[in-house]
Amino acid sequence: MIEKIRLDNILFLDIETVPLEENFNQLDDEMKLLWETKTQYQRKDDYSPEAFYDRAGIWAEFGKIVCISVGYFVTKVDIRNFRVTSFFGDEKKILLDFNNLLNNHFNLTQHVMCGHNAKEFDIPFIARRMIINQIAIPNKLNLFGKKPWEIPHLDTLELWKFGDYKHFTSLKLLTKILGIPSSKGDIDGSQVGHVYYVEKDIDRIVTYCEKDVIAVAQVFLRLRREELLVEDEIMHV
């Protein structure tokens, strides 16, 4: 039961991703063909490979990570704080810094990671980009040979499904129906690529990513029927 998990043993996370290149024409000919093949089913006849390229950030083979935000609880007696921090900039440095965090601070058996749709998106995306960047996979991301109950990952989407695997609920919808203050600012996921490449405003992306991390933590608290975080309990470090 999730009520038995100590809050300070959970690392909440969210990532933001963009296409590897700003424009489809910046890909070499082989990558263009591979993109066309990879997305053939999703595109059908509605989009050309070039027109569909703004969605490349959802595939680790054609996208990259521009921000990983994490949050964790620090509790002392009756004081509860939630600390949020982000890694952003060069992708390899982002991944190395996140790797260092996991290996040095969240590497014990009792430590788990939690995100919204993280098992299907964030966690495998991070692991794949680590392989591409030739970074050793930390134990918390290395699932080979592990039984389902040995995998140290929680997912608020999965918890909300209650076994209904065809069901998808966005984080935005979940926060709304659970009475949690909106996690989103002035952009959504479909706009991250534009903000990154055209506006070159990484700070705006970081703010967006950190709000998602806080929202995931709030959903988790709601699922445990606990009091939501208030502004004074949230620290950006």
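Go through the range 124-180 and give me each residue that's more than 16 Å from the chain's Cα centre (by Cα), over 27 Å from L221 (Cα atoms) and either of a type in the set (K, R) or open to solvent by 80 Å² or more (accessible area, probe 1.4 Å) (or both). Across the range 124-180, the qualifying residues are I131, I132, Q134, F144, K146.
Looking at F98, F73, just one residue is part of a strand (DSSP E or B), aromatic (F, W, Y) and either touching a residue at least 24 places away in the same chain (Cβ under 8 Å) or on the phi > 0 side of the Ramachandran plot (or both), and that residue is F73.
Residues checked against (1) touching a helix residue (DSSP H, G or I) at 6+ places or on another chain (Cβ under 8 Å); (2) surrounded by 14 or more Cβ atoms within 10 Å (Cβ to Cβ); (3) β-branched (V, I, T):
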residue	(1), (2), (3)
E3	no, no, no
D28	no, no, no
Y41	no, no, no
I68	yes, yes, yes
L101	no, yes, no
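Quick grid of which residues meet (1) modelled with pLDDT under 95; (2) outside any strand (DSSP E or B); (3) touching a Phe, Trp or Tyr at 6+ places or on another chain (Cβ under 8 Å):
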position	(1), (2), (3)
S48	yes, yes, no
A51	yes, yes, no
D54	yes, yes, no
A60	no, yes, yes
I65	no, no, yes
F82	no, no, yes
K92	no, yes, no
T109	yes, yes, no
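The requirement of being touching a helix residue (DSSP H, G or I) at 6+ places or on another chain (Cβ under 6 Å), on the phi < 0 side of the Ramachandran plot and in contact (Cβ under 8 Å) with a residue 40 or more places away in the chain is fulfilled nowhere in the range 136-150; no residue meets it. Residues that are of a type in the set (A, V, I, L, M) and in a helix (DSSP H, G or I) within the range 22-46 comprise M31, L33, L34, listed in sequence order.
Cβ-Cβ contacts under 9 Å between residues 6 or more apart (or on different chains), taken from a first residue in the range 212-237 that is open to solvent by 70 Å² or more (accessible area, probe 1.4 Å) to a second residue that is acidic (D, E), are listed as R225/E3; H236/E210. Filter the range 45-61 down to residues that are among the aliphatic types (A, V, I, L, M) and more than 11 Å from N23 (Cα to Cα) and give me whichever is least open to solvent (accessible area, probe 1.4 Å). Ranking the candidates gives A60 first.
The values are calculated or read from the model by the stated rules, or taken from the named source; none is laboratory data. Fair warning: this is a prediction, and the values are worked out from it, not measured in the lab. Positions of Cβ are backbone-derived with ideal geometry, glycine not excepted, and every protein chain shown enters the neighbour counts. Keep in mind that these areas ignore ligands, DNA and RNA; they rest on the heavy atoms of the full protein, side chains included. Shrake-Rupley method; radii C 1.70, N 1.55, O 1.52, S 1.80 Å.
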